[in-house]
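Readers should treat all values here as calculations from the given coordinates under stated rules, not as data from a laboratory. In this text the structure is predicted, and so the values were computed from the model without any measurement. When we count neighbours, we look across all protein chains shown, and the Cβ atoms used for this are built from the backbone with ideal geometry, even at glycine.
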Amino acid sequence: MTPPLKIVLLLILNTCLLCSVQAQKNTMVTVKGGVYIPLYGVDSTAVKVNDFLMDIYPVSNVEFLSFVEKFPEWKRSNIKQLFADKNYLLFWKNDAALGEQALPNSPVTNVSWFAAKKYCECQGKRLPTVDEWEYAAMADQQTPDARKKKTYNQYILEWYEAPKSFNNKIGSTFKNYWGIYDLHGLVWEWTLDFNSVLISGESRKDVDKDSNLFCGSAAVGASDLMNYAAFMRYAFRGSMKANYSVRNLGFRCVKDKDILP
Amino acid sequence: MSMKSKKPILLVSGLGLLMVILLVVFSFYSDSKEAETKNYLGPAGIPVSREMRAELTAPPNVPGPTGRRKAKKLIVDMEVLEQEGVMSDGVKYIYWTFGGSVPGSFIRSKIGDEVEFHLKNHPDNKLPHNIDLHAVTGPGGGATSSFVAPGHETQFSFKVLNPGLYVYHCATAPVGMHIANGMYGLILVEPEEGLPEVDKEYYIMQGDFYTKGENGERGLQPFDMKKAVDEDADYVVFNGKVGSLTGDNAITANVGETVRLYVGNGGPNLVSSFHVIGEIFDRVRVEGGDFINNNVQTTLIPAGGAAIVEFKVDVPGTFILVDHSIFRAFNKGALGMLKVQGDENKKIYSGKQEEGVYQPEGSGIQEMPVDNDLVQVNKTATSLKEKMEFGKATYMRTCFACHQAEGQGIPNAFPPLAKSDYLNADLERAIDIVLHGKTGEITVNGKKYNSVMTKQDITDEEVANVLTYIYNSWGNSKKEVTQAMVTSRRNVH
């Protein structure tokens with residue numbers, strides 16, 4: 001093992017040991033599991049999702065501020081380049097204050113995957129998988145799977161086009177079937193395996209590739225708006241790297257149901 | 001003996017020295033086009049001297065010609081911006097742009113240039129983007145190498161090998177949506193000797209847009225994927241919006257000048273039949289390539305393609321640029337203007353010389369008879385009786401087809417105007433509906449209707465008259481609507 005890698009591992013180990021379960025400000029609700037066909041999929045690709053708990057809201061700036069106060073190695077001035085690029089917490093006034101460009105009740109953005117993952121771990125939680133996130137997010141106000149509804153898809157597509165929603169407050173969008181807010185309409189959210197479905201930079205090429213997206217591309221039909229909404233999420237995830245910190249990207253945490261006390 | 005003799009030296013014995021020099025000079029001249037290939041083993045071998053930063057321009061402007069400059073390392077800095085803009089009066093749209101304009105910045109290069117392309121995705125943007133330049137020889141036209149997340153920047157390089165005018169566009173999933181939102185532009189690759197000099201150059205690019213509301217529906221209009229898939233465009237425009245090349249924004253030239261238009265078509269769906277009313281293109285570089293066609297009236301520009309058109313303007317006036325699929329021009333926005341100033345040339349164009357009535361039975365030119373109908377339409381109503389009369393004329397012309405002669409409407413399709421609770425409940429609403437149209441479910445006299453009424457393209461006075469007629473007929477509430485009331489409602493939005 002090369003020395004730098006060793007240091008990295010030690011660092012990760014260290015920060016893990018430093019974790020103590022924080023007070024849970026962000027309450028969770030149960031998402032009842034089930035079998036669903038991902039947006040890019042056909043019948044044969046049905047995925048089973050177990051019951052899990054999900055944060056009602058995305059993590060806010062003020063919550064993340066208290067996290068970096070407890071774990072100073074995740075402050076902007078201390079963060080290792082390996083774990084976050086130069087945009088990490090860029091719009092905070094400084095390490096200890098949010099300032100005008102980062103409202104306390106707005107979702108925290110400009111956080112890397114490493115930081116988001118660590119935050120959740122320190123709360124005894126974890127990041128949701130792509131499947132868990134997509135499963136919870138296919139609900140609208142009334143139904144657990146609203147993907148066939150025109151209004152639902154139009155809402156998502158319109159948000160994808162609306163600029164600067166990152167400054168809105170958490171809880172400002174609709175409460176979905178499970179009781180969860182802001183899955184659509186506020187910011188993108190990190191997932192644990194965000195890069196597991198690979199989109200190459202050249203999305204047109206993906207149609208003849210033996211990848212998950214092959215099916216998605218083939219399934220795009222005149223009335224199939226939902227694939228477009230999904231494509232944009234997958235394209236976005238595909239453009240990410242784990243150290244990227246992006247203005248429109250925040251996160252929330254989940255927890256397995258069966259390891260609850 | 002042919003001039004192309006491979007052994008001109010043999011001529012020396014029989015001819016004077018001067019002749020030899022002439023021959024040699026001439027053969028070099030005639031071979032000059034091949035010279036680049038011979039000397040450099042093809043455009044790929046053209047060496048570059050020094051670096052320069054590309055001048056990028058927003059439409060309708062074009063960067064200065066490359067002239068006789070040598071191939072260079074050309075640095076192109078382009079920023080992707082997702083931003084709100086104006087599609088038409090009162091209609092807003094979120095454009096996705098290369099460089100903040102639709103079409104994106106014009107790039108001008110020369111064959112052999114090594115382009116170092118920097119694509120920057122603004123941190124406030126929501127989506128990843130990339131760029132496919134049709135001038136690139138390589139996978140994806142650069143798209144594979146330029147996929148970039150918001151708040152990041154990518155760099156790739158390519159050598160331009162083929163002269164011509166090329167489209168560039170975004171190719172991130174869903175590709176059609178990125179293009180439909182305005183992510184396209186043009187890159188020109190000039191031949192080694194540059195394009196011939198002209199007096200005026202402009203950059204025009206057509207695009208089709210798909211909005212949730214119909215053409216003219218006010219407010220911020222989101223993109224409509226269904227309409228885009230159905231290729232049912234609400235707007236077909238030059239340079240990203242209705243009116244980008246009309247009125248004060250018109251392009252200009254002076255009599256006697258030669259105008260060159262770099263015309264592209266971003267699509268995403270429609271093919272353009274590009275035409276300038278009252279001009280004939282002296283030269284068209286068909287599809288932006290080497291082939292030159294002369295004396296062309298209308299040139300076809302495919303989606304994702306371009307053409308270079310040139311013409312000399314001989315007479316003054318306003319020349320209208322259109323997509324000659326003509327409803328697009330007059331109803332969807334594909335209309336621009338070229339204003340030419342200078343002296344008249346009556347030999348080329350006389351203007352109107354005489355006007356008269358043509359009657360097959362009679363002979364000679366007669367005086368124009370007074371058309372009673374026309375006069376009535378232009379006259380302002382002075383009494384309620386006149387308003388009723390004029391309003392009825394408008395009603396029979398405009399409203400009758402759906403709402404029927406006695407305002408009874410058509411069951412399940414078009415709501416009644418006779419004894420209508422919906423109509424009588426809200427006068428301002430009624431005015432708004434005539435001015436702006438109405439879509440969606442309404443309940444009239446206890447019955448539900450879910451239909452579309454388009455906005456009516458009639459004057460405020462006509463609106464006042466027709467509504468007065470409706471309110472004073474068929475058992476309605478006998479309100480009188482004035483032109484001022486209509487005008488004030490028109491200005492509300």
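Within the stretch B:156-177, if we keep just the residues that are within 13 Å of chain A (Cβ to nearest Cβ) and in a strand (DSSP E or B), the residue that is surrounded by the fewest Cβ atoms within 10 Å (Cβ to Cβ) turns out to be B:Phe156.
Just checking, how many residues over the stretch B:205-251 are among the hydrophobic types (A, V, I, L, M, F, W, C), under 20 Å from B:Val175 (Cβ atoms) and within 14 Å of chain A (Cβ to nearest Cβ)? Quick ask: steps written out before the conclusion?
Pass one, the stretch B:205-251, residues among the hydrophobic types (A, V, I, L, M, F, W, C): B:205, B:209, B:220, B:223, B:225, B:228-229, B:233, B:236-238, B:242, B:245, B:250-251.
Filter again for under 20 Å from B:Val175 (Cβ atoms), leaving B:205, B:209, B:223, B:225, B:228-229, B:233, B:236.
Filter once more, so that each one left must be within 14 Å of chain A (Cβ to nearest Cβ): B:209, B:223, B:225, B:228-229.
Adding up the residues that qualify gives 5.
When B:Pro196 is tested against (1) assigned to a loop (DSSP other than H, G, I, E, B); (2) in contact (Cβ under 8 Å) with a residue 24 or more places away in the chain; (3) more than 14 Å from every other protein chain (Cβ to nearest Cβ), only condition (2) is not met. Taking the criterion of being within 12 Å of another protein chain (Cβ to nearest Cβ), in a loop (DSSP other than H, G, I, E, B) and over 18 Å from A:Ser245 (Cβ atoms), the residues of the stretch B:103-135 that qualify are B:Asn130, B:Ile131.
Listed here are the residues, each with its yes/no results for (1) closer than 20 Å to A:Leu53 by Cβ; (2) within 14 Å of another protein chain (Cβ to nearest Cβ).
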site	(1), (2)
A:Pro144	yes, no
A:Leu157	no, yes
A:Lys164	no, yes
A:Asn168	no, yes
A:Ser172	no, no
A:Tyr177	yes, no
A:Tyr181	yes, no
A:Gly185	no, yes
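Note on the stretch B:254-313: residues that are among the acidic types (Asp, Glu) and part of a strand (DSSP E or B) total 2. Restricting attention to the stretch A:140-164, the residues that are touching a residue at least 40 places away in the same chain (Cβ under 8 Å) and within 17 Å of the chain's Cα centre (by Cα) total 2.
Take B:Ala401 and tell me if it is out of contact with any Gly (no Cβ under 8 Å at 6 or more places or on another chain), small (Gly, Ala, Ser) and closer than 25 Å to B:Asp89 by Cα. Explain how you work it out, then say what you get.
Numbers: out of contact with any Gly (no Cβ under 8 Å at 6 or more places or on another chain): yes; small (Gly, Ala, Ser): yes; closer than 25 Å to B:Asp89 by Cα: no.
So B:Ala401 fails the test.
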